[in-house]
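Data first, discussion second: the structure below is written as structure tokens.
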Amino acid sequence: TKATVENLTAADLKAFHGKYFFPKNIILAAAGDFSREQLKNKINRYASKWANKSLSFPAVSKNFPQPEPGVYFIQKKINQGYVSVGHIGIEDTNPDYFAVQVMNFILGGGSFTSRITSKVRSDEGLAYNTGSRFTYRWGFPGTFAGYVQTKSETVGYAISLILKEFERIRQEPVSEAEMETAINYYLESFADFFQSPIGTMVNFASLELQGKPMNYYATYRDKIKAVTKEKVMEVAKKYIQPDKMVIMIVGDFEPCNKGSDKFPGPLDRLGKIHRWKVMDPLTGQMVE
């Protein structure tokens, strides 16, 4: 909260630095025109008096509680609804990571070529911003979600279209053209990892930090090319879980709940409704 930040002292910062900053707990990366051996010698010389220590970090469980499926609504007097539909996802160390990336590109991550964007935006004209994504958190599962921003009356209809696309990619094989577009995207954008010396440095330092193999990028393209249509359907069935869907909506409840001709309300057609309040990040108090 704001009070927590305001109560921090210089002594608190020094104590934090003293506890967590020591050689064994630091990864140093460098990029440029220099001799590796000379740089190592300089670092060793300047850091030789920096004392090491042992520090054990508490284990953090990855068994997160699954939220109850349903519709979670946050009231805000606006003329649009902001929607996220999804559940807990996977870690980026998952062996299926590359297949999941290809699958999601086809589903909703591939801009105008993706199914959700084509259906919700291009065909129905319901939204400018829509799609799907898997997010990743180092060391922990991220989230999977479809998302859309649409006018209040079409919130329910847009959600229903996204849910249908979730089910379609779980049940119907994707096309050869979709596979080719998705795989080519990842192959052609591979060079983006190495656009600059500092970008290259950061990417390889991140591998070390996250405990990933240092040949990660050397094998990246082959792993993308190895993804098949059958594998796409397999990971869609495994990692898109209709029975766990949480639908989060921020908007004006009455028009959202009323719906439209193509999807009349109420919203509880999509699941049990939970009316939520949000917390003020500065005070920690719930906002009425």
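Computed from the coordinates by the stated procedures, all read-outs in this text should not be read as laboratory data. Model, not experiment: these values are computed from the prediction. In this analysis, Cβ positions are derived from the backbone assuming ideal geometry, glycine residues included, and neighbour counts consider all displayed protein chains.
Summarising the strand pairing of the chain, around 70 percent of its internal DSSP beta bridges are antiparallel.
Taking every pair of distinct Cα atoms and averaging 1/r, then inverting, what Kirkwood hydrodynamic radius in Å comes out for region 24-108? Its Kirkwood hydrodynamic radius stands at 19.8 Å. Compared with the dominant Cα axis of the chain, that is its longest principal axis, helix 36-47 is turned about 80°.
Between LEU55 and THR135, the distance separating the two model label sites (each 7 Å from Cα on the Cα→Cβ line) works out to 2.7 nm. Among the chymotrypsin sites (Phe, Trp or Tyr not before Pro) in region 1-90, those located in a DSSP loop and surrounded by at most 16 other Cβ atoms within 10 Å of their own Cβ are PHE21, PHE34, TRP50.
Checking [x] 15.3; [y] 19.8; [z] 14.4 against mean projected area of the Cα convex hull in nm² calculated from these atoms, the matching label is [y].
Taking a ≥ b ≥ c as the square roots of the eigenvalues of the Cα gyration tensor, region 1-147 is classed as prolate, since a/c reaches at least 1.5 and a/b is larger than b/c.
Here the gap between ALA31 and ILE78, fully extended at 0.36 nm per residue and compared with their Cα-Cα distance, gives a gain of 12.1 nm. Each residue in LEU270, LEU107 was given a count of other beta-carbon atoms within 10 angstrom of its own, and listing them fewest first yields LEU270, LEU107.
The GluC sites (Glu not before Pro) found in region 126-220 include none that occupy coil by DSSP while having at most 11 further C-beta atoms within 10 Å. Here the residues GLU6, GLU172, ranked from fewest to most Cβ neighbours within 10 Å of their Cβ, fall in the order GLU6, GLU172.
Per residue, the chain reaches -11000 deg cm²/dmol at 222 nm when only DSSP H runs of four or more residues are counted, each adding -39500 (n - 2.57). Using the alpha-carbon atoms, what tilt in degrees (0 to 90, nearest 10) does helix 176-188 show relative to the longest principal axis of the chain? For 176-188 against the chain, the angle is about 30 degrees. Around the amide H of LYS151, modelled in the peptide plane, lie the amide H atoms of GLY81, all under 5 Å away and 5 or more residues distant in sequence or on another chain. An ellipsoid equivalent to region 2-47, defined through the eigenvalues of its Cα gyration tensor, has semi-axes of 34, 12, 8 Å when rounded to whole angstrom and sorted largest first. Rg and Dmax of region 216-288, based on Cα coordinates, read 20.5, 53 Å.
Rounded to the nearest 10 degrees, the inclination of helix 155-171 to the longest alpha-carbon principal axis of the chain is 70 degrees.
For region 108-189, chymotrypsin sites (Phe, Trp or Tyr not before Pro) are listed when DSSP marks them as loop and at most 16 other Cβ atoms sit within 10 Å of their Cβ; the list is TYR128, TRP138. Residues in region 140-150 carry Karplus couplings, in order, of 9, x, x, 10, 10, 7, x, 9, 7, 10, 8 Hz; the curve used is 6.51 cos²θ - 1.76 cosθ + 1.60 with θ = phi - 60°, and Gly or Pro positions show x.
Multiply the residue separation of ILE43 and LYS225 by 0.36 nm, subtract the distance between their alpha-carbon atoms, and state the gained length in nm to one decimal.
Values: separation 182, 0.36 × 182 = 65.52 nm, distance 4.08 nm.
Length gained, ILE43 through LYS225: 61.4 nm.
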